[in-house]
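*Asks:* Pasting in a structure now, in structure tokens, and then I'll have a few things to ask.
The values are calculated or read from the model by the stated rules, or taken from the named source; none is laboratory data. Computed from a prediction, not measured in an experiment: that's the story for all the values here. With ideal geometry, Cβ positions are generated from the backbone for all residues, glycine too; neighbour counts draw on all protein chains shown. Side chains included, ligands, DNA and RNA excluded: accessible areas come from the protein's heavy atoms. Shrake-Rupley method; radii C 1.70, N 1.55, O 1.52, S 1.80 Å.
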Amino acid sequence: MTIKGIDVSRHQKAGKVNFEELKKLGYEFVIIRAGYGKALSQKDSAFESHYAAAKAAGLHVGAYHYSYAVNIAEAKQEADCFLEWIKDKELDYPVAFDIEDESQKSLTNAERTEIAKTFMQTVEDAGYYVMLYSSANWLGSKLDMDELKSFDVWCAAFVGSEANIKKYYGGSYGIWQYSSSIVLPAVYTSRLDHNYAYKDYAKIIKNAGLNHLGDNDIPTIKVDDPEPDDKPVPDVIDLSAFEK
């Protein structure tokens, strides 16, 4: 089973992605950045519009969070913000934790792993199907994947073929982000991230009763809202990790 999809953030301008055309081209899902960091004010400015347009087009929708957390406390703050942003959304695809930021490179593998585990366990405990997103290089060398084996993986690797992924990461994954350079002119005028999913996530999530689909009793998360970090949001994989 191979299901085609894309992922988007505010870097794809709100209202400019034609999700209906995407659906016509045979793509079935989109994973949308909900936000980044540990403050509610860091919600992605295009999250609401991307979500509404994707749902209207009949696509399956998931969400992801870009992390800057450098300790467990910040990971918990990020998880609480993420849960607040997605609490009223009908997400029939996984929600993902994106760990790849420059600020996290100086941490140890154990520290990065605990950050990921803290975020993902918090969100999973709230009733969601959670994935870990990172590059093949990070998955293979900067995280203890044995400690994270209970979570599904979304692997980013712009390496041409799946066989080349094993040079960096030998584990399993449910989604492969295989390109960030494909242009679909009818959908968007610039490049989009493209993905293959290898599981019927919509069916898995529905059958498991996850993501609060059809649930009116959505938990309210108390969030302390610190000042947002004043720094850019890269959302770009370090391609140097994939030297040919």
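*Asks:* Here are some conditions: (1) open to solvent by less than 10 Å² (accessible area, probe 1.4 Å); (2) over 28 Å from L213 (Cα atoms); (3) of a type outside the set (D, E, K, R). V159 meets all but one. Which one does it not meet?
*Replies:* (1)
*Asks:* Pairs needed: first member in segment 60-81, closer than 15 Å to Y133 by Cα and touching a residue at least 60 places away in the same chain (Cβ under 8 Å); second member anywhere, open to solvent by less than 10 Å² (accessible area, probe 1.4 Å) and aromatic (F, W, Y); C-beta distance under 6 Å; at least 6 residues apart or different chains.
*Replies:* Partner pairs satisfying both residue conditions: G62/Y93.
*Asks:* Related question: Could you check segment 61-71 and list, in sequence order, the residues that are open to solvent by less than 40 Å² (accessible area, probe 1.4 Å) and either hydrophobic (A, V, I, L, M, F, W, C) or at pLDDT below 95 (or both)?
*Replies:* Of everything in segment 61-71, those that are open to solvent by less than 40 Å² (accessible area, probe 1.4 Å) and either hydrophobic (A, V, I, L, M, F, W, C) or at pLDDT below 95 (or both) turn out to be V61, A63, A69.
*Asks:* Could you check segment 2-23 and list, in sequence order, the residues that are open to solvent by 10 Å² or more (accessible area, probe 1.4 Å), touching a strand residue (DSSP E or B) at 6+ places or on another chain (Cβ under 8 Å) and assigned to a loop (DSSP other than H, G, I, E, B)?
*Replies:* Selection gives T2, R10, Q12, V17.
*Asks:* Does segment 129-137 contain at least one residue that is touching a His at 6+ places or on another chain (Cβ under 8 Å) and either more than 22 Å from M1 (Cβ to Cβ) or without any contact (Cβ under 8 Å) to a residue 12 or more places away in the chain (or both)?
*Replies:* Within segment 129-137, none of the residues are touching a His at 6+ places or on another chain (Cβ under 8 Å) and either more than 22 Å from M1 (Cβ to Cβ) or without any contact (Cβ under 8 Å) to a residue 12 or more places away in the chain (or both).
*Asks:* Does segment 43-55 hold any residues that are among the hydroxyl-bearing types (S, T, Y) and either crowded, with 21+ Cβ neighbours inside 10 Å or in a helix (DSSP H, G or I) (or both), and which are they?
*Replies:* S49, Y51 - these are the residues of segment 43-55 that are among the hydroxyl-bearing types (S, T, Y) and either crowded, with 21+ Cβ neighbours inside 10 Å or in a helix (DSSP H, G or I) (or both).
*Asks:* Would you mind telling me which numbered condition in (1) open to solvent by less than 50 Å² (accessible area, probe 1.4 Å); (2) within 17 Å of the chain's Cα centre (by Cα) M145 fails?
*Replies:* (2)
*Asks:* I've got another one for you. Kindly establish whether A69 is of a type in the set (A, V, I, L, M) and part of a loop (DSSP other than H, G, I, E, B).
*Replies:* So A69 passes the test.
*Asks:* Further question: Which condition number does N137 fail, the rest of (1) crowded, with 16+ Cβ neighbours inside 10 Å; (2) within 27 Å of D92 (Cβ to Cβ); (3) polar (S, T, N, Q) being met?
*Replies:* (2)
*Asks:* Pick from G37, G58, G26: which is at positive phi, open to solvent by less than 10 Å² (accessible area, probe 1.4 Å) and modelled with pLDDT of 95 or more?
*Replies:* G37
*Asks:* Identify all residues within segment 72-85 that are open to solvent by less than 60 Å² (accessible area, probe 1.4 Å) and out of contact with any His (no Cβ under 9 Å at 6 or more places or on another chain); write none if there are none.
*Replies:* Of everything in segment 72-85, those that are open to solvent by less than 60 Å² (accessible area, probe 1.4 Å) and out of contact with any His (no Cβ under 9 Å at 6 or more places or on another chain) turn out to be E74, A75, Q77, D80, L83, E84.
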